[in-house]
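The values are calculated or read from the model by the stated rules, or taken from the named source; none is laboratory data. Predicted, not measured: the structure shown is a model, and the values here were computed from it. Quick reminder, even Gly has a Cβ in these numbers, built from the backbone with ideal geometry, and neighbours come from all protein chains shown.
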Amino acid sequence: MAIDELRDEPVSPEVISSELVYSGNIWDVRDDTVRYHGGRIRRQYVAHPGAAAVIALDDEQRVLLIQQYRHPIRHRDWEVPAGLLDVAGEAPMDAARRELAEEADLRAERWDELVSIFTTPGGNDEVVHLFLARDLRPAAETFAREDEEADIRVEWVPLTDAVDAVMAGRMRNGILATGVLAAAERLRRDAEA
């Protein structure tokens, strides 16, 4: 197989039934039965609106990390600015711009797409779009933060230290891990070009 042919393949099996099991504030739970490979498969999953995340790098190659409480894991984990695609018609990059302003009071002059990932394809349909933001400036306005964001901690960390922390298992947030590794690889490739 040629390298450029190595990719995920969309499949559209016949959906025999689809039931909304739970309607939530942010996401829903569905119970689907599909015809697949000569039989039927029944699966429950979280129907998710998707999200956008930002790897914000300053002129010193430091990445902006935020730490906040996440109840399901009972941790204050390190993350990158991110948020749901919950504004109708909003493009992922526009959501990334909004989240950088809301969570870090920053805007960026330079934006690059990094990667898009399925976070947990066996349990939800969430796609997170990650962007690299550079040439950072203060946002025009600051935002009031509440709930988990009320005591958000912000740190600027050298990108190489963030990569080391991910590789050592000290930071386990999947979006952060994917983002800092992708950003480091992007910078490496740019330096070789």
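Points to keep in mind about this one:
- Verdict on GLU109 being surrounded by fewer than 16 Cβ atoms within 10 Å (Cβ to Cβ), in a helix (DSSP H, G or I) and either of a type in the set (Asp, Glu) or in contact with a helix residue (DSSP H, G or I) (Cβ under 9 Å, 6 or more places away or on another chain) (or both): no
- Number of positions in region 67-90 that are at pLDDT 95 or above and β-branched (Val, Ile, Thr): 1
- Residue count, region 125-162 (criterion: of a type in the set (S, T, N, Q) and either at pLDDT 95 or above or surrounded by 16 or more Cβ atoms within 10 Å (Cβ to Cβ) (or both)): 1
- Only a single item in (1) within 27 Å of the chain's Cα centre (by Cα); (2) surrounded by 15 or more Cβ atoms within 10 Å (Cβ to Cβ); (3) of a type in the set (Val, Ile, Thr) is not met by THR33, and it is number (1).
- If you go through region 156-181 and pick out every residue that is closer than 13 Å to GLN67 by Cβ and assigned to a helix (DSSP H, G or I), you end up with 3.
- Residue count for region 1-17, restricted to those that are part of a strand (DSSP E or B) and free of Cβ contacts under 8 Å to residues at least 24 places away in the same chain: 3
Let's see how each residue does on (1) closer than 19 Å to ASN124 by Cβ; (2) not in a loop (DSSP other than H, G, I, E, B):
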| position | (1), (2) |
| --- | --- |
| GLU19 | yes, yes |
| ILE26 | yes, no |
| VAL34 | yes, yes |
| GLN44 | yes, yes |
| ILE55 | no, yes |
| ASP59 | no, no |
| VAL63 | no, yes |
| MET93 | no, yes |
| ALA96 | no, yes |
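- Restricting attention to region 163-193, the residues being surrounded by 18 or more Cβ atoms within 10 Å (Cβ to Cβ) and over 16 Å from the mean Cα position of the chain (by Cα) number 3.
- Check on LEU106, closer than 30 Å to ASP8 by Cα and not hydroxyl-bearing (Ser, Thr, Tyr): no
- Candidate set: region 55-99, residues that are among the small types (Gly, Ala, Ser) and surrounded by 15 or more Cβ atoms within 10 Å (Cβ to Cβ); chosen: the one nearest to TRP156 (Cα to Cα): ALA56
- Check on ALA184, part of a helix (DSSP H, G or I), closer than 22 Å to TRP111 by Cα, at pLDDT 95 or above and among the small types (Gly, Ala, Ser): yes
- Some residue of region 31-39 being touching a Lys or Arg at 6+ places or on another chain (Cβ under 9 Å), farther than 25 Å from ARG172 by Cβ and of a type in the set (D, E, K, R): yes
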